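Beneath this line is the structure, given in structure tokens, with notes to follow.
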Amino acid sequence: MNSRRDFLQKITGSALGLSLLSTSSNGNTLIEDANQEPVLRVAIMGLGSYGTRVAEAMKDCKRAKLVGVISGTPSKVKDWQSKYSIPAKNCYNYENFDNIKNNPDIDAVYIITPNALHREQCIRVAKAGKHVICEKPMAINAAEGQEMVDACKRANVKLLVGYRMHLEPKTLEIIRMRNEGEFGKVLFFQGLCGFRIGDPNQWRLNKQLAGGGAMMDIGIYAVNGARYMVGEEPTYVTAQETKTDFVKFKEGVDETIQFQFGFPSGAVASCLSTYSMNNLDRFFLNGEKGFAEMQPSTGYGPIKAKTNKGELNHPHITHQTVQMDEMAGMILNEKKPIVPVDGEEGLKDLKIIDAIYLAIKTGKKVDLKL
Ligand code: NAD
């Protein structure tokens, strides 16, 4: 096998792109990249705008390959089949995708559908014995998130959440600097996340499908960012909601929320989540000896970051390309990321979001145990 592979690599490595075929001990076909690392074969569920972005980014992946789709729209499936050379046997719809369990050529399903659908879809994928990558928010509350974590554990499959910023080089450099004490004791984090949402009829403004409003969609970046920038888990949350448009933002769909965290070290965070203001994509971390500033901080990039020591100049690589290659390593080689991207991590954000909504409802500080 090795000599055939060596031979093929020498003569046709470039013609085959970075992929070669081999056979695993259980008879399944494995694709391997030119470095003979196994390639994660992914089916995308939900061929919408972010699904399309991920598919395009995966063209440049070395360790992950788009091989299948799950969609309710036959015309989209046809289009994707020809665009990404997807065989008919790897195409499913929302009724029949449980049959993916009989497909040895798909390792993982990436769920990129409206938030409220993630729970059931994840559980079905896990039951089919495939690894799950799920978009943020992992679910619409912690109870549902817990069910997903449990289902994946039971099925012995991995559950990862699409936290692309956890793998972004400038973010990781700031985390390294903080860990090495370059900012001194961390005192304060500010996270401002928002945009002006358009079409009032989209699922993001439908509580049934979105699970909430801006907090579920964009505020979660500040929730999550506060945790990885400070490097601690919050112990309490306070929160206040304001609404200016009661038609667009119906009951249960939050427009603007300000929230605050306290951390065990005494550090505090102050954050804003909104669907009503543009140009809000900013993180600021302050310590006794220095600071880090990112703007944009969580958009598709390039991310701009500077610290008290100057600008960070790490080259921009498409986030989703890095994410999928790294996730392939996590799924296939047990690679451990610096900042976790697993189901437990997604669950922590959901517990915090539940607490934020409770703090708004009660007007009281809510304690957290993560
Ligand atoms: P979208 O509306 O563009 O796409 C959603 C897809 O789900 C569509 O193809 C739609 O046909 C399909 N779908 C299946 N069942 C549906 C139903 N019952 N109702 C509506 N649509 C249904 O949305 P999107 O922007 O691609 O977002 C999808 C997920 O990706 C969300 O969870 C969102 O939070 C997440 N997302 C993550 C990032 C990121 O940077 N990580 C960016 C954008 C979106």
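Here are the numbers:
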read-out	value
Greater than 29 Å apart at Cα, pairs in Lys78/Lys136; Lys158/Lys309; Lys59/Lys336; Lys89/Lys170	Lys158/Lys309; Lys89/Lys170
Computed helical MRE - 222 nm, the chain, DSSP H runs ≥ 4 contributing -39500 (n - 2.57), nearest 500	-9500 deg cm²/dmol
Whole-percent carbon and sulfur share, accessible surface of the chain, 1.4 Å	51
Among beta bridges that DSSP assigns inside the chain, antiparallel share in %, nearest 5	60
Alpha-carbon radius of gyration plus Dmax, which is the widest Cα pair, for the stretch 186-245 in Å	13.7, 42
Among Arg176, Arg164, Arg282, residue whose mean-square fluctuation peaks in a GNM of the chain (springs only between Cα atoms under 10 Å)	Arg176
Selected from Leu358, Leu159, Leu47 as most flexible by GNM, with the chain as the system and alpha-carbon contacts under 10 Å	Leu358
Degrees between helix 169-179 axis and first principal axis of the chain (Cα, 0 to 90, nearest 10)	50
At q = 0.23 Å⁻¹, base-10 log of I(q)/I(0) for the stretch 46-150 (Debye sum, equal scatterers on each alpha carbon)	-1.39
Amide proton proximity set for Lys136, modelled H, under 5 Å, gap of 5+	Gly162
Whole-percent pair-distance distribution, where bins are 10 Å wide, for the alpha carbons of the stretch 205-287	18, 47, 27, 8, 0
Between helix 343-362 and the chain: long-axis angle, C-alpha atoms, 0 to 90°, nearest 10	30
Using θ = phi - 60° and Karplus 6.51 cos²θ - 1.76 cosθ + 1.60, couplings along the stretch 155-164 (whole Hz; Gly, Pro as x)	7, 6, 10, 7, 10, 10, 10, x, 7, 5
The stretch 111-187 - Rg and Dmax from Cα coordinates, angstrom	16.1, 48
Solvent-accessible area per residue, Å², over the stretch 161-287 with all protein chains present [probe radius 1.4 Å]	38
Straight-distance crosslink candidates among aspartates and glutamates, where the alpha carbon sits under 13 Å from Lys348 and sequence neighbours closer than 8 are dropped	Glu144, Glu232, Glu233
Principal axes of the chain: Cα extent on each, largest first, Å	63, 46, 36
Semi-axes of the equivalent ellipsoid for the stretch 148-256, Cα gyration tensor, largest first, Å	30, 21, 13
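The values are calculated or read from the model by the stated rules, or taken from the named source; none is laboratory data. Everything quoted here is computed from the prediction, not taken from an experiment. In case anyone asks, the SASA skips ligands and DNA or RNA and just uses the protein heavy atoms, side chains included. Shrake-Rupley method; radii C 1.70, N 1.55, O 1.52, S 1.80 Å.
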